[in-house]
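Right, one structure below, let's go through it.
The values are calculated or read from the model by the stated rules, or taken from the named source; none is laboratory data. All of these numbers come straight from a predicted model, not from anything done at the bench. We place every Cβ from the backbone using ideal geometry, glycine too, and count neighbours over all the protein chains shown. Accessible surface is based on the protein model in full, side chains and every heavy atom, while ligands, DNA and RNA are left aside. Shrake-Rupley method; radii C 1.70, N 1.55, O 1.52, S 1.80 Å.
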Amino acid sequence: MNATLIAQKRLPQSLIGILCAICLSAFIYLEHFSLNSPIISTLFAIVGLFLYLQLSAFGGLVCGGLIGILWFYWIALSFRYYDIAYLMPLMWIVLILVYGILFLFFCAFNHYVYKLLTLLCGSFIHPFGFNWFIPEAIFTTSYFTPSKWTLVLLLLSLTFFSMLYLKRFYKISLLWLPMSLICIYIFTQQSSTHTTPSPLKIKTLQTNIPKTFVGIATIYEKF
């Protein structure tokens, strides 16, 4: 295939990958700059998941590479405290490659069910020995309860919406989406209020927390 045609084919996926990464990372930066609100965070989460379902393998590579930086750039910053700041660019390249390849795998097949299942499995994949990437973290400041169930239901809702829209059932798809989102919100809120509190008591004894972990604490504040 001509190189020009390949570029034309990949350019839209590049843009979708970039927009998807921005939407799925928005909750971190909106919270950091005190610009966050539940409605904004909810919209970014929904749009991000919808764009994820539209990604090709190449789009997944672009999206994953950006997420590796937008979510975990702070890992390299910790190198300054160990006199190895010169390795920071190398660490950023590693993050881009690891999460780029991970999302390429997530979107390797252009099938909604495959993408849904692979993203759900994402929080069980530990590239660096620690569970940093938790997809449902995007709901931490939204109207939806951050949980696996929320992620499953939203992905199913958006998958059904995408299928209806592709089949040109425009009116049904546009009616389905808001109704399903409202039902998911009610279901997840009721589920969270009926959760039995854990009898486990935890007390913090060490308050001298290294700066390495400050960034991750922001992401998972509500977990």
Pairs with Cβ under 7 Å, 6+ apart, first in segment 136-159 and in contact (Cβ under 8 Å) with a residue 60 or more places away in the chain and closer than 17 Å to I40 by Cβ, second of a type in the set (D, E, K, R) and not in a helix (DSSP H, G or I): T140/E221; T140/K222; P146/K222
Of the criteria (1) open to solvent by 20 Å² or more (accessible area, probe 1.4 Å); (2) aliphatic (A, V, I, L, M); (3) touching a residue at least 40 places away in the same chain (Cβ under 8 Å), which one I125 fails: (3)
Residue within segment 76-84 that is in contact (Cβ under 8 Å) with a residue 24 or more places away in the chain, open to solvent by less than 60 Å² (accessible area, probe 1.4 Å) and either closer than 17 Å to A21 by Cα or within 18 Å of the chain's Cα centre (by Cα) (or both) present: no
Condition broken by G68, with the remaining ones in (1) closer than 30 Å to P178 by Cβ; (2) open to solvent by less than 30 Å² (accessible area, probe 1.4 Å); (3) within 11 Å of the chain's Cα centre (by Cα) satisfied: (1)
Segment 31-60 - residue that is modelled with pLDDT under 90 and in a helix (DSSP H, G or I) and, of those, surrounded by the fewest Cβ atoms within 10 Å (Cβ to Cβ): H32
